[in-house]
Amino acid sequence: MIYLDSAATTAVRREVLEAMWPHLTAEFGNPSSHNELGASAADALADARARVAVIFGCRSSEVVFTSGGTEGANLAVSGIALARPRGRHIVTSAIEHPAVLESCDYLERFHGFEITRLGVDRDGLVGLDDLAAALRPDSTLVSVMYANNEIGTVQPIAAIARAARAVGAAMHTDAVQAPGSLRLNVRELGVDALSVSGHKFGAPKGVGAMFLASGTPIEPLIHGGGQERGRRSGTENVAGAFGLAVALELADQSRAANAARLSEARDVFIRDILASVPSARLTGSTLSRLPGSASFIFAGTSGESIVLELERRGIVCSSGSACAAGSDEPSGVLLALGITAELAQTAVRFSFGEGIGAAELAVVTGELQSAVATIGSSRTN
Ligand code: PLP
């Protein structure tokens, strides 16, 4: 199998599973328990937090463990907006993950917030002029994703954060697609909150981490025993947090080399597909793009059919994001790029990392060319 769906999820890395094992077995204590097992679980959690803090370039106390990217985005958007009496205006982009967009919709419907959803250009980039025009004295939060999960476009987060903070708004970035590809230093990015999800970089599903700058007021969404300094109650997923920390370290250690290797392979892949499949058009940016991301539309075909045909040939990819796939709705991200609903149904996303290089991508190019031809001829028959 050639796996090109790593934006949807990744396998747990062996080193991560091995690091988690003791915390699932012999050292199974509850970090809040006043006994030895509890103390060793609390130590493991503190260790995990410190290690994540090194990668984020922040203090340990500014790391909150969550259940994943969806919870992180909900906590950042709703938690910050509800806790800041400053104003009821939020700025986000039209191409955010539903975790952010639906949080904004919720605040609009139930809490009287006004939401500005910034459009993007043909490459999927938020315009800094549009952002400047949208920001107001009552803007309380800006939430713009670091990199898009469908088209791989990487946003200029530091510049966006500077503009947000200049008017006194807090800045959150959904960085779920960034680990292993982009730098996560929150001081360089200048953000107040940043969220990641373990299963996108070799840790298990159902664990995430978030940076929340000290002093940022937050209204918790999960109420209970006051764990995570009152920001997220619930007995901590010690093994998950530990696994996430190890996976984040591994992703960061190989980030620079991986990004260089994958970008080079990706550019050849894109060039070869555009040259060999006449109906192919790249979606997203050529310049500001995740190293392991290539996404296309194939006019006159169907994205679903291509994905099925490639799967038959041992290649796993996706016709859109994992969340949008399986729904008949055209992707909101592609519509925001100015792509028609009809063409959006022809989208295919290839996302790749560990174990994928030029050789595998060359095989995919060949199979794709033949798959599109097969589908085309069966459509005209
Ligand atoms: N944000 C982005 C950009 C994503 O790609 C995803 C997952 O697809 C999420 C948030 C949600 O993360 P999780 O699956 O951990 O809830």
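The values are calculated or read from the model by the stated rules, or taken from the named source; none is laboratory data. Note that the structure is predicted; figures quoted are calculated from it, not measured. Cβ coordinates were reconstructed from backbone atoms using ideal geometry, including for glycine residues, and neighbour counts include every protein chain displayed. Accessible surface is based on the protein model in full, side chains and every heavy atom, while ligands, DNA and RNA are left aside. Shrake-Rupley method; radii C 1.70, N 1.55, O 1.52, S 1.80 Å.
Taking all protein chains together and a 1.4 Å probe, the residues ARG14, ARG271, ARG261 rank ARG14, ARG271, ARG261 from largest to smallest accessible area. Measure nothing but the geometry: give the 0 to 90° angle between the long axis through the Cα atoms of 14-24 and the longest principal axis through the Cα atoms of the chain, rounded to 10°. The angle comes out at about 30 degrees. Calculated mean residue ellipticity, 222 nm, the chain: -12500 deg cm²/dmol, from DSSP H runs (n ≥ 4) at -39500 (n - 2.57) each, averaged per residue and rounded to 500. Taken one residue at a time, the phi angles of segment 361-371 give Karplus couplings (6.51, -1.76, 1.60, θ = phi - 60°) of 5, 5, 4, 4, 4, x, 5, 5, 4, 6, 5 Hz. Gly and Pro are set to x.
Per residue, what volume in Å³ does the Cα convex hull of segment 10-136 take up?
It comes to 174 Å³ per residue, whole-number rounded.
Carbon-plus-sulfur fraction of the accessible area of segment 14-253, 1.4 Å probe, in percent? Using a 1.4 Å probe with all protein chains present, segment 14-253 comes out at 52 percent carbon and sulfur. Treating r as the C-beta distance of VAL363 and GLU102 and R0 as 35 Å, the FRET efficiency rounds to 0.40.
Using DSSP, restrict attention to beta bridges with both residues in segment 172-320 and report what percent are antiparallel, rounded to the nearest 5. About 75 percent, rounded to the nearest 5. For segment 287-302, backbone nitrogen atoms closer than 13 Å to the point 7 Å from ARG281 Cα along Cα-to-C-beta are found at 296-301. Axis of helix 98-111 versus longest Cα principal axis of the chain: the two differ by about 60°, to the nearest ten degrees. Could you tell me which residue out of GLN177, PHE242, ALA259 lies farthest along the dipole of segment 160-265 toward its positive end? Charges go on the beta carbon: Lys and Arg +1, Asp and Glu -1, centred on the Cα centre. After comparing all options, I get ALA259. Under a 5 Å amide H cut-off, with hydrogens placed 1.01 Å from N, THR346 pairs with PHE298, GLY303 among residues at least 5 apart or on other chains.
With N the number of residues in the chain, Rg(Cα) / (2.2 N^0.38 Å) evaluates to 1.00.
For segment 231-247, 3J(HN,Hα) computed residue by residue from phi via the Karplus equation (6.51, -1.76, 1.60; θ = phi - 60°) reads 8, 7, 6, x, 4, 5, 7, 4, 4, x, 5, 5, x, 4, 4, 5, 5 Hz, glycine and proline entered as x. Axis of helix 36-56 versus longest Cα principal axis of the chain: the two differ by about 50°, to the nearest ten degrees. Modelled spin-label separation between ALA341 and ARG122, with each label point placed 7 Å from Cα along the Cα-to-Cβ direction: 2.4 nm.
Averaged per residue, what accessible surface does the chain expose to a 1.4 Å probe, in Å²? Accessible area per residue, the chain: 41 Å².
This model, with +1 at the C-beta of Lys and Arg and -1 at the C-beta of Asp and Glu, gives the chain a dipole about its Cα centre of some 540 debye. Computed with every protein chain present, the accessible area of GLU18 is close to 110 Å² [probe 1.4 Å].
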